[in-house]
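Novice: After the structure tokens below, expect a handful of questions from me.
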Amino acid sequence: AQSVTQPDIHITVSEGASLELRCNYSYGATPYLFWYVQSPGQGLQLLLKYFSGDTLVQGIKGFEAEFKRSQSSFNLRKPSVHWSDAAEYFCAVGRSNYQLIWGAGTKLIIKP
Amino acid sequence: DTAVSQTPKYLVTQMGNDKSIKCEQNLGHDTMYWYKQDSKKFLKIMFSYNNKELIINETVPNRFSPKSPDKAHLNLHINSLELGDSAVYFCASSLTGQRQETQYFGPGTRLLVL
């Protein structure tokens, strides 16, 4: 069955430290992969997406993600987090029928 | 110049009432969606319309009825509201093509049923 797993329910990182949020997927075909961010009380905003080509994708707000087909992963990274990065992060896989399969989300907490 | 807008932003109502949430997008997209996000932040697709035609209809109580008067609007009507309907409801839109395109989300409608 198609699924997306975000193993970490929440992650705490010190401000200025590096960040990696994990995402693993199960999907038979070539995946379309997305990372969205939801700030408190807000809607979801696209951070970045992978459709094809270069497996290292750059997004907004200094985020990047790397698609690794052999590991079925699409992990999100940022070299140095800011307090404003505190939010919920969602990984998603696109199906052919316009539907997205969503992970359960990872809550990022920033320590001052 | 909001891309995807929803009204109202907050909705507090009593059990048994009927309420509607409206969604509009000005992106020229042809597909629109309704999602429900529960208290644990889990996102669940409810419905999707493509060119005013229902294409996704997940297992949702038939008290929920979507209506798409045109490609730019997708409304959600909920009859006989129950406590378990309390959640955040997100509208989204995308442009369909040969591949899965990015979905753009509205700010959400926070529904509280008392």
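Laboratory data are not the source of any read-out in this text; all were calculated from the coordinates shown. All values derive from a computational prediction rather than experimental measurement. Using ideal geometry, Cβ is built from the backbone for each residue, glycine included, and neighbour counts are taken over all protein chains shown.
Novice: Roughly how crowded by other chains is peptide B:43-54, in terms of the mean Cβ count from those chains within 10 Å of each of its Cβ atoms?
Specialist: Per residue, the average neighbour count from other chains is 2.
Novice: Now, a different point. Fewest first, what order do B:V60, B:V4, B:V12 take by the number of other Cβ atoms within 10 Å?
Specialist: Taking fewest neighbouring Cβ atoms as first place, the list is B:V12, B:V60, B:V4.
Novice: While we're here: Once you charge only the Cβ atoms, +1 for Lys and Arg and -1 for Asp and Glu, what is the size of the charge dipole of chain B about its Cα centre, to the nearest 20 debye?
Specialist: Charge dipole, chain B, about its Cα centre: 220 debye, nearest 20.
Novice: Sticking with this one: Counting other beta carbons within 10 Å of each Cβ, put B:Y10, B:Y49, B:Y33 in order, fewest first.
Specialist: B:Y10, B:Y49, B:Y33
Novice: Given Cβ point charges of +1 (Lys, Arg) and -1 (Asp, Glu) and nothing else, what value in debye, to the nearest 20, does the dipole of the protein assembly as shown about its Cα centre take?
Specialist: For the protein assembly as shown, the charge dipole is close to 200 debye.
Novice: Something else: Taking a ≥ b ≥ c as the square roots of the Cα gyration tensor eigenvalues, with a/c under 1.5 meaning rounded and otherwise prolate when a/b beats b/c, else oblate, which class fits chain A?
Specialist: Cα axes put chain A in the prolate bin.
Novice: Over what distance in Å are the Cα centres of the stretch A:59-112 and the stretch B:42-114 separated?
Specialist: About 23 Å separates the Cα centre of the stretch A:59-112 from the one of the stretch B:42-114.
Novice: Just want the ordering: A:D8, B:D70, B:D38, from fewest to most Cβ atoms lying within 10 Å of their own Cβ.
Specialist: Result, fewest neighbours first: B:D70, B:D38, A:D8.
Novice: Could you work out, residue by residue across A:40-50, how many beta carbons of other chains sit within 10 Å of that residue's beta carbon, and then give the average as an integer?
Specialist: Neighbouring Cβ atoms belonging to other protein chains average 4 per residue here.
Novice: Principal axis extents for chain B, Cα atoms only, whole Å, descending order, please.
Specialist: Answer, in whole Å and largest first: 43, 30, 28 Å.
Novice: Let me ask something additional. Which residues' amide hydrogens lie under 5 Å from the amide hydrogen of B:I55, considering only partners 5 or more residues apart or on another chain, with H built in the peptide plane?
Specialist: B:S48, B:Y49, B:N50
Novice: What residue among B:Q6, B:N57, B:Q37 has its Cα farthest toward the positive end of the dipole of chain B, where the charges are +1 on Lys, Arg and -1 on Asp, Glu, each on the Cβ?
Specialist: B:Q37
Novice: For A:S39 and A:I11, calculate 0.36 nm times their separation in residues minus their Cα-Cα distance, and state this gained length in nm to one decimal.
Specialist: 8.6 nm
Novice: Got a sec to turn the phi values of the stretch B:5-11 into Karplus ³J(HN,Hα) couplings, 6.51 cos²θ - 1.76 cosθ + 1.60 with θ = phi - 60°, whole Hz, x for Gly and Pro?
Specialist: 10, 10, 9, x, 7, 10, 9
Novice: Another question, then. As an exercise, use a Förster radius of 22 Å and the Cβ-Cβ distance of B:D18 and B:K41 to find the FRET efficiency, rounded to the nearest 0.05.
Specialist: 0.25
Novice: To make sure I understand the rule: partners must be aspartates and glutamates, Cα under 19 Å from the Cα of B:K40, and not fewer than 8 residues away in the same chain. Which ones qualify?
Specialist: A:D8, A:E88, B:E82, B:D85
Novice: With unit charges on the beta carbons (Lys and Arg positive, Asp and Glu negative) and the dipole taken about the Cα centre of chain A, which residue among A:V57, A:P79, A:L33 sits farthest to the positive side?
Specialist: Of the options given, the answer is A:L33.
Novice: What dipole magnitude, in Debye to the nearest 20, does chain A give about its Cα centre under +1 on Lys/Arg Cβ and -1 on Asp/Glu Cβ?
Specialist: Here chain A has a charge dipole of around 160 debye.
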